[in-house]
1. What FRET efficiency do you get for residue A:48 and residue B:171 if R0 is 41 Å and r is their Cβ-Cβ distance, rounded to the nearest 0.05?
2. Could you tell me the distance between the Cα centroids of the range B:78-95 and the range B:268-284, to the nearest Å?
3. Can you tell me the alpha carbon radius of gyration of the range A:106-249 divided by the globular rule-of-thumb value 2.2 N^0.38 Å?
4. Kindly put A:346, A:420 in sequence by how many other C-beta atoms sit within 10 Å of each C-beta, fewest to most.
5. Within the range B:1-33, name every residue whose backbone N is under 18 Å away from a label modeled 7 Å from Cα of residue B:58 along the Cβ vector.
6. Where does each of A:315, B:58 land when they are ranked from fewest to most other beta-carbon atoms within 10 angstrom?
7. Per residue of chain A, what 222 nm ellipticity follows from adding -39500 (n - 2.57) for every DSSP H run with n ≥ 4, rounded to the nearest 500?
8. Which shape class applies to the range B:150-223: rounded if a/c is under 1.5, otherwise prolate when a/b exceeds b/c and oblate if not, where a ≥ b ≥ c are the square roots of the Cα gyration tensor eigenvalues?
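None of the figures in this text is laboratory data; all of them are computed from the coordinates on show. Everything numeric in this text was worked out from a predicted model, so none of it was measured. Cβ coordinates were reconstructed from backbone atoms using ideal geometry, including for glycine residues, and neighbour counts include every protein chain displayed.
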């Protein structure tokens with residue numbers, strides 16, 4: 001575009017603010033409010049979620065700022081229970097629904113009974129993926145952050161977060177110290193996050209690797225602690241290119257299991273009748289190590305192109321001592337079509353290897369000893385959670401943003417996600433119940449986010 | 001002008017004048033407290049003089065001289081100077097090469113005295129070898145100029161001083177005030193009595209003055225007033241295009257722009273002149289309030 005028709009105002013304003021610095025950046029006497037509504041939906045009527053987000057931030061005279069974020073999630077739908085699809089019908093008794101029914105009966109709560117009465121047990125047709133239909137949860141997250149500059153080019157950041165859902169509570173505190181070097185061209189930061197979680201599954205904490213339906217529990221709740229350490233370097237390469245490196249270390253210890261996930265036990269590929277209950281088959285509750293150490297490396301580039309376009313390229317590598325290694329490549333292009341309209345195409349590629357204890361099912365004999373009504377796991381850990389399996393995934397999306405006046409913006413984002421199974425097939429005897437059954441349920445999901453940002 | 005600072009009490013406000021930056025610097029302060037007005041005026045003057053000392057191209061002891069005499073060596077800049085150079089670099093990019101702090105050398109060829117004496121093309125051509133921001137190596141905060149090149153911050157210096165003084169006064173005083181350095185000005189309003197600062201803008205033809213009310217905003221004017229050359233009926237303004245080394249033709253005589261800072265207003269008005277016959281079209285696309293006098 002020729003200069004005579006080109007709007008240079010926005011870049012000129014940015015350049016002027018950078019030059020005149022904080023003295024010109026008058027303390028804003030308003031709250032910057034970002035609100036968004038996310039609607040997430042998995043294919044095949046699996047999990048559906050509605051998530052309103054509210055973010056408030058404000059800057060003060062002394063260049064300090066605070067940020068308050070509230071998220072509410074309402075999740076409903078069906079979630080895989082971890083068992084394999086089989087060529088025969090399978091009936092499951094949902095521990096979480098059973099506990100809810102029991103509670104409702106005690107409270108004489110007819111509404112709850114109506115809702116869950118027929119979900120205490122559920123039957124899965126031959127060939128179908130076993131999904132627990134009683135998946136329902138509400139999550140509330142509240143987080144607070146406070147940033148203030150200290151002397152000598154240091155900036156301090158303190159924050160905390162609280163998250164609560166029916167069977168899970170999480171509390172965390174974090175702190176970070178950043179320092180500018182080289183005329184603010186380089187920023188080095190060091191951050192620490194401490195998190196304490198409490199898990200109280202419906203129906204108690206199932207004893208790991210014991211029979212599903214037997215009701216063995218290890219108390220009603222358990223805990224987990226996470227420590228994260230992060231070192232970051234942000235470098236202004238030139239006035240159009242910003243680069244960032246982050247190195248993260250994470251140590252998590254305590255209860256790592258998904259209390260609702262089970263594993264199918266088979267004998268030469270055939271389901272085994274539960275020795276305690278001839279109406280159902282044999283499944284074991286999963287078990288994961290009590291500790292997990294992760295290391296991650298993140299490299300991001302933001303490059304300004306033309307007048308107002310920005311290309312954002314990020315790569316992340318994560319490795320942990322469960323043998324899960326992942327690569328993420330993320331590409332976003334901010335295309336400023338006019339002063340008040342932009343488009344943001346987005347693509348993400350993700351690939352991970354499986355945890356060393358990931359398995360789609362357990363074999364009697366080599367992995368589980370079944371003698372009469374005595375069932376003993378011969379492995380220390382096992383999980384069929386697809387999140388611990390090997391897969392790759394593509395995410396593609398598009399965001400449209402529309403400026404409404406000088407201080408508010410409306411945006412709409414649509415993204416689709418598709419997983420691809422990368423696991424090697426576990427051997428199954430020909431003609432058995434599991435022969436020809438999918439060992440990994442590829443997830444397809446899409447979401448729409450409507451956002452509105454304004455000053456208040 | 002031998003005086004240092006002049007304080008005048010006017011109708012409900014005070015005026016402080018001092019000479020600096022080759023023009024008359026004026027600060028209007030919405031107070032009847034003379035002591036306070038004097039203190040603020042001295043604050044304004046000391047900041048102005050600091051900037052003038054640091055960035056004047058007529059001095060031999062400042063950072064501009066150090067850069068221009070580096071003879072190919074790399075100079076590491078302080079934060080403030082690096083900020084100004086970075087700003088200039090962005091302007092070069094934004095204006096597609098029209099705004100160039102290395103173009104000051106062209107003054108050696110051009111003298112705008114109203115005559116018809118154009119310089120020989122070869123003289124201009126020779127100077128262009130040492131002009132062009134793209135020949136400069138700028139890796140903040142390190143600046144390296146080729147030997148023979150020079151920088152001159154005169155194109156943004158006065159506007160920068162107005163904005164800096166505005167920022168100083170804003171910190172020190174709660175009321176309304178106006179900083180006016182030879183027509184480039186920035187105001188904070190409204191005054192305590194509810195009125196706005198009134199400023200005069202020359203309208204379409206010279207001599208016709210329109211009074212405008214200015215709230216919290218800045219105004220800058222660029223023009224060729226008496227500085228031009230006239231030959232064969234073509235009026236050469238004193239605005240030189242660093243890409244050709246020649247003056248812009250068909251530019252308005254003066255352009256006045258209102259913006260949120262004096263720097264922005266100054267850049268808009270200067271760039272408009274450089275657009276020549278397309279000045280008004282350019283300003284209209286910027287969505288700013290402006291007056292153009294042809």
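1. On the way: r = 54 Å, r/R0 = 1.31.
The formula returns an efficiency of 0.15 here.
2. So the two Cα centres are separated by 21 Å.
3. On the way: Rg = 23.7 Å, N = 144, 2.2 N^0.38 = 14.5 Å.
Computed over Cα atoms of the range A:106-249, the ratio equals 1.63.
4. Details: A:346 18, A:420 13.
Taking fewest neighbouring Cβ atoms as first place, the list is A:420, A:346.
5. B:1-5, B:18-26
6. Working: A:315 15, B:58 10.
Taking fewest neighbouring Cβ atoms as first place, the list is B:58, A:315.
7. Details: 3 runs with 36 residues, N = 456.
Helix contribution divided over all residues of chain A: -2500 deg cm²/dmol.
8. Numbers: a/c = 3.80, a/b = 1.07, b/c = 3.55.
In terms of gyration-tensor shape, oblate.
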